[in-house]
Amino acid sequence: DTAVSQTPKYLVTQMGNDKSIKCEQNLGHDTMYWYKQDSKKFLKIMFSYNNKELIINETVPNRFSPKSPDKAHLNLHINSLELGDSAVYFCASSQTTLGVTSGSTDTQYFGPGTRLTVL
Amino acid sequence: AQSVTQPDIHITVSEGASLELRCNYSYGATPYLFWYVQSPGQGLQLLLKYFSGDTLVQGIKGFEAEFKRSQSSFNLRKPSVHWSDAAEYFCAVVPTGSGGGADGLTFGKGTHLIIQP
């Protein structure tokens, strides 16, 4: 069974469109994340979310919004897609919110990624 | 600013040879440290992690890493590489959690490992 799954695996769309990427984890984790990997393979966190708090990386445009219908899902909605949004997007989860201040040392599990291409 | 540096963008190693991938971090306090591997077209898999205690950490697939506080380093090693080790390797840390950034992993830019027959 896949622990963290994402759909679709590939997404090709036109500039200006609105699209969503779905993420589901069956690990019973409390916290989920979205990362963006650019064309140079640089990975950067976009959001972390648990049932109490959404933390947004300040560099993420407000065209991006995570939506969590329940604890097992964190979907990524992107409005008015731009060429620069082309990247691979990874979803991840951990039992608790990973962080030195929270004291959590949980492992973060990643999904297989969604390759978004904006034409 | 807090950062993770992987100085080598590409490394080429002959099959059977030893490997060391470098990682340096710049944080006020010792962060939590991780190594992940990404095979072509795949997601990220955790190789090993360090939080405290023994500075030599054993991971999966025969990898190990050594934390050196004096050098702010967490280098990944393997005594004998296999062709299947060809992949992208990422060092990552958990930052101190202050400053308004999202909790989670901060990644280095990755090292692309090429295995020569």
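Whole-Hz Karplus ³J(HN,Hα) for segment B:53-66, in order, using 6.51 cos²θ - 1.76 cosθ + 1.60 and θ = phi - 60°, x for Gly and Pro?
Values per residue, Gly and Pro as x: x, 3, 7, 9, 10, 9, x, 7, 6, x, 8, 9, 9, 10 Hz.
At q = 0.10, 0.14, 0.18, 0.22 Å⁻¹, what base-10 log of I(q)/I(0) does the Debye formula yield for segment A:4-118 when every alpha carbon is treated as an equal point scatterer in vacuo?
For the requested q values the scattering log ratios are -0.27, -0.52, -0.87, -1.27.
I'd like the FRET efficiency for B:Gln58 and B:His112, computed as 1/(1 + (r/R0)^6) with the beta carbon distance as r and R0 of 25 Å, rounded to 0.05.
For B:Gln58 and B:His112, the calculated efficiency is 0.55.
What shape does segment B:7-47 take by its C-alpha gyration tensor, where a ≥ b ≥ c are the square roots of the eigenvalues and a/c under 1.5 counts as rounded, a/b above b/c as prolate, and the rest as oblate?
Verdict is oblate for segment B:7-47.
Going by C-beta contacts inside 10 Å, put B:Arg77, B:Arg69 in order with the fewest on the left.
Fewest-to-most Cβ neighbours within 10 Å comes out as B:Arg69, B:Arg77.
Rounded, prolate or oblate, given the Cα gyration tensor of segment B:26-117, with a/c below 1.5 counting as rounded?
Taking the square roots of the gyration eigenvalues as a ≥ b ≥ c, segment B:26-117 is oblate.
Could you calculate the contour length gain from B:Thr30 to B:Trp83, that is, 0.36 nm times the residue separation minus the distance between their Cα atoms, to one decimal place in nm?
Extra length available between B:Thr30 and B:Trp83 comes to 15.7 nm.
In percent, what relative contact order does segment A:4-118 have, based on Cα pairs under 8 Å that are 6 or more apart in sequence?
37
Can you tell me the order of B:33-42, A:53-62 when each peptide is scored by its average per-residue count of other Cβ atoms within 10 angstrom, highest first?
Descending mean neighbour count gives B:33-42, A:53-62.
Using +1 at the Cβ of each Lys and Arg and -1 at the Cβ of each Asp and Glu in chain A, identify which of A:Ser65, A:Met15, A:Ser5 lies farthest towards the dipole's positive end.
A:Met15
In Å and from the alpha-carbon atoms only, list the Rg and Dmax of the protein assembly as shown.
When restricted to the Cα atoms of the protein assembly as shown, Rg and Dmax are 17.6, 52 Å.
Given a Förster radius of 25 Å and the C-beta distance between B:Glu20 and A:Phe42 as r, what FRET efficiency does 1/(1 + (r/R0)^6) yield to the nearest 0.05?
Working from the Cβ atoms, E equals 0.70.
Where in chain A is the longest stretch that carries no trypsin sites (Lys or Arg not before Pro) classed as loop by DSSP and with at most 14 other Cβ atoms within 10 Å?
Excluding the exposed sites themselves, the longest stretch runs over A:64-119.
How high is the relative contact order of chain B, in percent, with contacts defined as C-alpha pairs under 8 Å that are six or more residues apart?
36
Can you give the average number of partner chain beta-carbon atoms within 10 Å of each beta-carbon in peptide A:42-49, as a whole number?
Shielding by partners across A:42-49 averages 5.
Where a number appears in this text, it was derived from the coordinates with a stated rule and is not lab data. Keep in mind the model is a prediction, meaning the values are calculated, not measured. Don't worry about glycine lacking a Cβ; one is built from the backbone with ideal geometry, like all the others, and counts go over all protein chains shown.
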